[in-house]
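Each remark here refers to the structure printed beneath this line.
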Amino acid sequence: MTAYLANLATLVAIFGILAATLNFVVGFAGIFSVAHAVFFGLGAYAGAQVALQLFPDALLACLVAAIVAGGLSLCLALPALRVRGEYFVAASLGLQMMATTLFSEAKAFTGGIGGLVAIPRPTVAGVEVGVLPLALAALALILFLTARLQRGAFGRTLQSIRDAESAAEALGKNVAAAKTLAVAFACAGAGIGGALFALHLSFVNVESFTMDQSVLVMAMVIIGGTGTLWGPLIGAILLLSLPSGLAFLPFIPATEVGAVQQIVYGLAMTLLMIFRPAGLVGDLSKGRATA
Amino acid sequence: MSEILLKSENLARAFGGLQAVAGVSLSLPAGRVTALVGPNGAGKTTTFNLITGNLRADSGTAQIRGRPIMGLKPWQVARLGVARSFQDLRLFTHVTVRENVLAATETASWFWQPGGSRARRQREDRAAAALEATGLAALADARAIDLAYAERKFLSMARILAAEADIWLLDEPASGLDLASRLRFGELLRAATARGVAICLIEHNLDVVAELSDRIAFLDQGRVLAEGEPQAILRDPALAAIYFGDRPQEAA
Ligand SMILES: Nc1ncnc2c1ncn2[C@@H]1O[C@H](COP(=O)(O)OP(=O)(O)OP(=O)(O)O)[C@@H](O)[C@H]1O
Ligand SMILES: [Mg+2]
């Protein structure tokens, strides 16, 4: 049971990182990306390769993962950021589809469909450590950084771009630079989440980095409340505990848990958008259709 | 004669077959209000968009203090000291009034602003002063989307005040304001011109134009038909005919 809870807590921390960083671009910059799992994946592969090829130092793996994911987000986001609003959703969708294929094909880096296996246990300064404390520390750091950025001038810049891009630009804000920075920051964070994920499971393959995963993270953000600090974490806790919670209910046959889970998710999303459109933590007055 | 801060020469722009702006030359002197008047669709807003880099000109040039600005991006033009308002305001709707104005003082696009806490306090003071001058201080914590019509117009002005630009391009900032608000608006303009700000004011209400402007440029079908002292332009019967919609050349 404790092993079970530790596993759940580790996953919550990792997905909390994913949701918090995605929220940074969706909730603050208004950049609606459905490709967050791509950068999660890049970080996971990069972190796994560091552990496999060099040595399993967790901090090094996280650093390399952040650089790879954040860096590649620049190359990929720069052309995509030139398009606006709903076109960016389509561009990120294309990126997600392309990346899933590349992840399955680039065997040298990703191990192909089979993935990367036997990733060694992580160490810090040569001492073996559990992933849970690392993941909690990374989550705390990322929540701290996003809170600082969100409440300061940079968050205001992103919000002004979200609300009226041309007016922000007319006030001297370099919109493309600010958006790129926000995306790079968020994707570097997702990369760290990926490295921790790889070290936690000691196995990764493309199935964790598909469209479904991007949608799940997006659902965490929306359910918890976009643009809030704690909402994404709450969304991550809810959506990750739900399947295990359902598995404990005696009257649902084990074979049907998956189907019941999908129905519960769908129902919860629909009800939430009707009754609390800004998410569980979100400001109630926000998101309602105004007359 | 005061210094010309912004000058455009023969700006032109067509949309498909429509020549929206057909060679507009404007000069905005420091400390003066130049009104840009003309019927709907005359090309006033498009002229602003060409100057600020929101639209690319087909031909023509513009300079700020002699420095060419054609081809610059809107944020680069803004950093040369141009602040503009939009006909449809474009407020930062989901943040507070104070944050709208603070955002106007923060131009660095990096994770933090230069100058540390001292510069931050100065920006906060500037924002507070802009809210005071526009009568919005009591609403500082309200969200922009919750403001009434006139308050929104003043918030748009507060952003411009806080931006500390010396060239203001204002697109119908006073439309729909009641008399008391218009008086307050006039004070804002006079305080700015007293500091040497060059203002270009698009305005349909000719009483407001007569009261606030030092010069008028009359625009029709993308051309400056006349330019001069307000009284001369406003008394010209041919211009009045165009402005009020009965064009002699269109009469049967
Ligand atoms: N982006 C655009 N694409 C196509 N046509 C445009 C565009 N912007 C303006 N126009 C057209 O150019 C002409 C001039 O428009 P503009 O907005 O400059 O007029 P205006 O003088 O500001 O009018 P108003 O007093 O109604 O605001 C109009 O016929 C308008 O429809
Ligand atoms: Mg106009």
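The long axis of helix B:116-133 is offset from the longest Cα principal axis of chain B by roughly 50 degrees.
Put in order of Cβ neighbour count within 10 Å, fewest first, the listed residues A:Ile31, B:Ile64, A:Ile263 become A:Ile263, B:Ile64, A:Ile31.
Take each residue in A:151-161, count the other chain C-beta atoms within 10 Å of its C-beta, and the mean is 6. Taking label positions 7 Å along the Cα-Cβ direction at both B:Ala241 and A:Phe203, the computed distance is 8.9 nm, reported to one decimal. Our Cα-only numbers for region A:2-209 put the radius of gyration and Dmax at 17.2, 56 Å. Mean partner shielding of peptide B:87-100, defined as the number of other chain Cβ atoms within 10 Å of each residue Cβ, is 4.
Normalising by residue count, the protein assembly as shown has a Cα convex hull of 192 Å³ per residue. From its DSSP helices (H runs of at least four residues, each -39,500 (n - 2.57)), chain B gives a residue-normalised ellipticity at 222 nm of -11000 deg cm²/dmol. Protection proxy ranking for A:178-185, A:153-160, using the average of other Cβ atoms within 10 Å per residue and placing the highest first: A:153-160, A:178-185. Each peptide in A:117-124, A:264-271, B:99-106 receives the mean, over its residues, of other Cβ atoms within 10 Å, and ordering these scores from highest gives B:99-106, A:117-124, A:264-271.
Taking 14 Å as the cut-off, the amide N atoms of region B:67-84 that come nearer than this to a point 7 Å along the Cα-to-beta-carbon line of B:Arg56 belong to B:70-74.
Of the peptides B:222-233, B:156-167, the ranking by mean beta-carbon count within 10 Å, highest at the top, reads B:156-167, B:222-233. If you plug the beta carbon distance of B:Asn205 and A:Ala108 into 1/(1 + (r/R0)^6) with R0 = 60 Å, you get a FRET efficiency near 0.30. Hydrodynamic estimate: the Kirkwood radius of chain B over Cα pairs, inserted into Stokes-Einstein at 4 °C and 1.567 mPa s, corresponds to D of 69 µm²/s. Once you've got the Cα coordinates, tell me which of A:Lys179/B:Lys153; A:Lys179/B:Lys73; A:Lys173/B:Lys44 are over 21 Å apart. Cα-Cα > 21 Å for A:Lys179/B:Lys153; A:Lys173/B:Lys44; rest within.
The residues A:Lys173, B:Lys73, when put in order of fewest to most other Cβ atoms within 10 Å, stand as B:Lys73, A:Lys173. Compute the signed sum of charges (Lys and Arg +1, Asp and Glu -1) over the other residues within less than 15 Å, Cβ to Cβ, of A:Tyr265. Surrounding charge for A:Tyr265 is -2.
Every number in this text was worked out from the coordinates using simple rules, so none of it is lab data. Just so we're clear, the structure is a prediction, and the values are computed from it rather than from any experiment. Heads up, the Cβs are rebuilt from the backbone with ideal geometry, glycines too, and the neighbour counts pull from every protein chain shown.
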